[in-house]
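K.L.:
Next up is a structure, given as structure tokens.
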Ligand code: FES
């Protein structure tokens, strides 16, 4: 999740500057760290139509949205992606495609460029073909590399996004070398966040602190060597930070996410929180959902913060952390994020780290994102 520390909207009158459209949860890959819901397969028949997405785009522009990410699942699985990009561009959005690269042929890329696509964020997990393919559960490596080459060939600004976990943290050195050869200017090593599929696989995925420090040293060596020719981001797992992340720059501050069924949310994971009503643009106008809905108002601003956050000098920087993580770890989304060392629940994080460190000696298979995988996993345990 983003970690910027500006743009806090305390009153809900702010603008949803960052619009994220999850066009579909369908995806050809089976990543064990996927942040889509565990019941992703139930959304296929409820996806918004082309015209409904266009109405969302119009309404979001009216609210002041500027930056737009088409994401998923795999957004390339929508046949109307070019049409939606073209429409978004025509009404003033800066458009970004967030993709696995699977399905990004040269023909498709040129059509997207002609439609007005400005930026591509492409994910890659490893430089070794067998490792990428094993991690994503499909023969994807060669397709991803070809997609990266095409994106560079056609002059798009591009971020290479590398989700980092125990199985690929040793790949960072080779990954930067490969990216430098291809002329990639931005690479983000994002230690994954533990929600949904990643949370189910946390004991197997989380790297040790030693691995994280080693990876950080590798990144720093490359930063020195490459200077300004490449910007390398390295996002440390919040389980090891002692400080919570400023998740989404605060709840309902500047981020607006639309799920495939048109449900408007302050973040991609919000549906894990029980007791809140998740309404779609099919139910209510987007402006009402953003400004007025109980969902967006629930944790907006700082007044609702519990102690110790309420009297903390850091509260305007981290807003008490992540609501979804607080819910998933403590059972109550109103609690201080346990990633914070001041949280009375911080032991949940340190215990999880201890468990995962022990688990490094045994190797359980990762649970792959696929229909029915959750119930099978529960039956097996
Ligand atoms: Fe952080 Fe939902 S993922 S608030």
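The values are calculated or read from the model by the stated rules, or taken from the named source; none is laboratory data. Computed from a prediction, not measured in an experiment: that's the story for all the values here. All Cβ positions, glycine included, derive from the backbone under ideal geometry; neighbour counts span all protein chains shown.
K.L.:
Restricting the stretch 123-138 to residues that are touching a residue at least 24 places away in the same chain (Cβ under 8 Å) and touching a helix residue (DSSP H, G or I) at 6+ places or on another chain (Cβ under 6 Å), which is nearest to residue 80 (Cα to Cα)?
P.N.:
Going through the qualifying residues, I end up with 124.
K.L.:
Tell me, yes or no, whether the stretch 225-242 has at least one residue that is away from the ligand (no atom under 16 Å from the Cβ) and farther than 24 Å from residue 187 by Cα.
P.N.:
yes
One line per residue, one yes/no per condition, for (1) over 19 Å from residue 14 (Cα atoms); (2) free of Cβ contacts under 8 Å to residues at least 24 places away in the same chain; (3) away from the ligand (no atom under 13 Å from the Cβ):
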{"position": "265", "(1), (2), (3)": "no, no, no"}
{"position": "271", "(1), (2), (3)": "yes, no, no"}
{"position": "275", "(1), (2), (3)": "yes, yes, yes"}
{"position": "290", "(1), (2), (3)": "no, no, yes"}
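K.L.:
Please verify whether residue 92 is touching a helix residue (DSSP H, G or I) at 6+ places or on another chain (Cβ under 8 Å), surrounded by fewer than 19 Cβ atoms within 10 Å (Cβ to Cβ) and either within 24 Å of residue 17 (Cβ to Cβ) or modelled with pLDDT under 95 (or both), treating the condition exactly as stated.
P.N.:
yes
K.L.:
Residue 333 fails exactly one of the following numbered conditions: (1) outside any helix (DSSP H, G or I); (2) surrounded by 13 or more Cβ atoms within 10 Å (Cβ to Cβ); (3) free of Cβ contacts under 8 Å to residues at least 24 places away in the same chain. What is the number of that condition?
P.N.:
It is condition (3) that residue 333 fails.
K.L.:
Looking at 187, 172, 192, can you tell me which residue is within 16 Å of residue 366 (Cβ to Cβ) and touching a helix residue (DSSP H, G or I) at 6+ places or on another chain (Cβ under 7 Å)?
P.N.:
Going through 187, 172, 192 in turn, just one is within 16 Å of residue 366 (Cβ to Cβ) and touching a helix residue (DSSP H, G or I) at 6+ places or on another chain (Cβ under 7 Å): 192.
K.L.:
I've got another one for you. When the stretch 199-221 is examined, which residues are found to be within 19 Å of residue 329 (Cβ to Cβ) and touching a strand residue (DSSP E or B) at 6+ places or on another chain (Cβ under 9 Å)?
P.N.:
206, 207 - these are the residues of the stretch 199-221 that are within 19 Å of residue 329 (Cβ to Cβ) and touching a strand residue (DSSP E or B) at 6+ places or on another chain (Cβ under 9 Å).
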